[in-house]
1. Modelled with pLDDT under 95 and within 21 Å of B:Ile136 (Cβ to Cβ): does that describe A:Leu139?
2. What number of residues in region B:125-146 are facing chain A (nearest Cβ under 7 Å) and either closer than 28 Å to B:Arg64 by Cβ or open to solvent by less than 30 Å² (accessible area, probe 1.4 Å) (or both)?
3. Only one residue in B:Ala32, B:Ala15 is under 24 Å from the mean Cα position of the chain (by Cα), closer than 23 Å to B:Pro158 by Cβ and modelled with pLDDT of 95 or more. Which one?
4. Report the residue count in region B:65-103 for those that are more than 7 Å from every other protein chain (Cβ to nearest Cβ), surrounded by fewer than 19 Cβ atoms within 10 Å (Cβ to Cβ) and touching a Phe, Trp or Tyr at 6+ places or on another chain (Cβ under 8 Å).
5. May I ask you to list pairs of residues, at least six apart or on different chains, whose Cβ atoms are under 6 Å apart, with the first in region B:46-61 being under 16 Å from B:Val159 (Cβ atoms) and the second being more than 9 Å from DNA strand D (Cβ to nearest atom)?
6. So, B:Arg34, is that one open to solvent by less than 40 Å² (accessible area, probe 1.4 Å) and not aliphatic (A, V, I, L, M) or not?
7. For region B:104-124, enumerate the residues that are surrounded by 16 or more Cβ atoms within 10 Å (Cβ to Cβ) and among the aliphatic types (A, V, I, L, M).
8. Answer yes or no: is there a residue in region B:45-64 that is part of a strand (DSSP E or B), at pLDDT 95 or above and crowded, with 22+ Cβ neighbours inside 10 Å.
Number of protein chains: 2
Amino acid sequence: MENTEDVRPKRRGPAPLDAFDRRILAALAADADRSYAALGEIVGLSPPAVHERVKRLKRSGVIRDTVARLDGTAVGKPLMAFVHVEAAGWGKSERLMQIARFPEVEELHSVAGDASVILKVRMENPQALEFLLGQIHSLAGVRGTRSYIALSTYLDRPVQAEVTTEWPNVPLPPE
Amino acid sequence: MENTEDVRPKRRGPAPLDAFDRRILAALAADADRSYAALGEIVGLSPPAVHERVKRLKRSGVIRDTVARLDGTAVGKPLMAFVHVEAAGWGKSERLMQIARFPEVEELHSVAGDASVILKVRMENPQALEFLLGQIHSLAGVRGTRSYIALSTYLDRPVQAEVTTEWPNVPLPPE
DNA sequence: GTTGAAATTAGCCGTCT
DNA sequence: AGACGGCTAATTTCAAC
C-alpha cells in the first residue's frame with residue numbers, strides 16, 4: 001500500500017468519548033466528591049483506570065474544572081436575574097466585556113435574537129441590580145436592557161453528559 | 001435580669017459568614033480540587049480548621065455540592081440557548097416541570113417579565129432544539145416561546161462568594 | 001486495564017493557647 | 001475558636017504483570 005498516511009492520518013479532533021467516559025463524566029458532573037475507587041464501582045473499572053481517564057478528560061478539556069456550587073441566598077445574593085442587553089452596533093465591545101469584572105455577573109453570552117447580549121447576574125437586592133443596569137446603560141452603544149427576575153428556580157444543574165436518545169416522540173410522561 | 005432568653009435567643013437563621021468563610025468559599029468555587037492543607041495556606045488557617053469550616057458550610061447548605069463542569073461541545077452539545085416560555089395561566093404547571101427530565105435542560109426558572117419561564121438548554125443541533133420546542137408547545141397553556149441561541153460565551157462561572165463593595169461608582173475601568 | 005504496594009492525604013482524637 | 005501533635009484509615013499514585 002502506498003500513500004495512506006496523510007489521508008485521515010489517525011484521527012482528527014478530540015478522541016471520541018466511549019461508554020466508560022460518559023459514565024465517568026455523568027458521575028463527576030453529579031458529584032465530584034468521589035474517590036476513584038467509588039467511581040470505579042459505578043462505571044465498572046478499576047481505580048487506576050478511572051484515574052487515568054479522568055486525567056485525560058481534564059487535560060483534553062472535556063472536564064473544564066471542578067467547582068463548589070454555592071447557595072446564592074446563603075452568600076448574600078438572593079436575587080437572580082437575566083439581563084438582556086440590546087446594543088446598537090455589534091454587541092461585543094471591549095467595554096461591555098468589562099462588566100464581567102463584577103462578581104455579580106456569572107454568565108455573559110452573545111446571542112442571536114432580539115437581544116445582543118444576555119447576562120446572568122446574582123446579587124443582594126434590587127438596588128444592586130439598579131446600579132449594575134446603570135453601569136450597563138452608561139456604556140456606548142447600549143440601546144436598552146430588559147431584565148427577567150427569577151421568582152423560583154426549579155432546576156439548576158451543570159452540563160449533563162447524557163443526551164436524549166429516544167427520539168423523537170417521548171411525549172413527556174404524565175406526572 | 002429577667003426575661004431575656006426569648007428575645008433573640010442566640011441567633012436566628014444561618015450563622016453569618018466571616019472573612020475566613022468567604023475566602024474558603026471563593027477558593028472552592030474557583031477550584032474544588034484542593035487539599036485542606038492547600039486551602040489552609042490560601043485562607044490563613046490550619047488544615048483542621050479549614051476542614052471543620054468546610055464541613056459546616058456543607059452541612060448548612062452554603063455549599064450546595066461540588067461538581068465537574070463539562071465542556072458542552074466536547075460532550076456533543078455545541079448548541080446552547082435560552083428559551084423563554086410564555087404561559088397562558090400561571091407558568092408553573094406540573095407538566096412544564098416534566099421537561100426537566102430532558103438532560104438537555106440545565107436550568108428552569110419562573111421569572112417576572114414578559115416570559116413566564118426561562119430555560120437554559122444545551123443540545124447537539126438545531127433539530128434537537130426544534131424537537132424540544134415542539135414538546136414545549138404541545139403542553140397545555142403554552143402560548144409561545146422565544147429562543148435566544150448563544151453565539152459565543154464570554155463568561156460562565158459559578159456563584160461567586162465575593163460581592164461588589166466599592167459602591168457606587170466604579171465606572172468600569174477602561175480596558 | 002488490572003493487581004498490589006508505597007507515599008500522601010484525609011479524618012479524628014486529645015490538649016494547649 | 002483555632003493551633004498543634006500524633007495517630008489510623010483511606011486515597012492517590014506508581015510499580016509490575
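1. no
2. Summing the residues that are facing chain A (nearest Cβ under 7 Å) and either closer than 28 Å to B:Arg64 by Cβ or open to solvent by less than 30 Å² (accessible area, probe 1.4 Å) (or both) in region B:125-146 gives 1.
3. Only one candidate qualifies: B:Ala32.
4. Total meeting the criteria: 1.
5. Between residues of region B:46-61 that are under 16 Å from B:Val159 (Cβ atoms) and residues that are more than 9 Å from DNA strand D (Cβ to nearest atom), the close pairs are B:Leu57/B:Ile63; B:Ser60/B:Pro14; B:Gly61/A:Asp71.
6. Taking the combined requirement at face value, the residue does not satisfy it.
7. Of everything in region B:104-124, those that are surrounded by 16 or more Cβ atoms within 10 Å (Cβ to Cβ) and among the aliphatic types (A, V, I, L, M) turn out to be B:Val105, B:Leu108, B:Val111, B:Ala115, B:Val117, B:Ile118, B:Leu119, B:Val121, B:Met123.
8. So far as region B:45-64 goes, yes, one or more of its residues are part of a strand (DSSP E or B), at pLDDT 95 or above and crowded, with 22+ Cβ neighbours inside 10 Å.
The values are calculated or read from the model by the stated rules, or taken from the named source; none is laboratory data. Note that the structure is predicted; figures quoted are calculated from it, not measured. When we count neighbours, we look across all protein chains shown, and the Cβ atoms used for this are built from the backbone with ideal geometry, even at glycine. Ligands, DNA and RNA are excluded from the accessible area calculation, which covers all protein heavy atoms including side chains. Shrake-Rupley method; radii C 1.70, N 1.55, O 1.52, S 1.80 Å.
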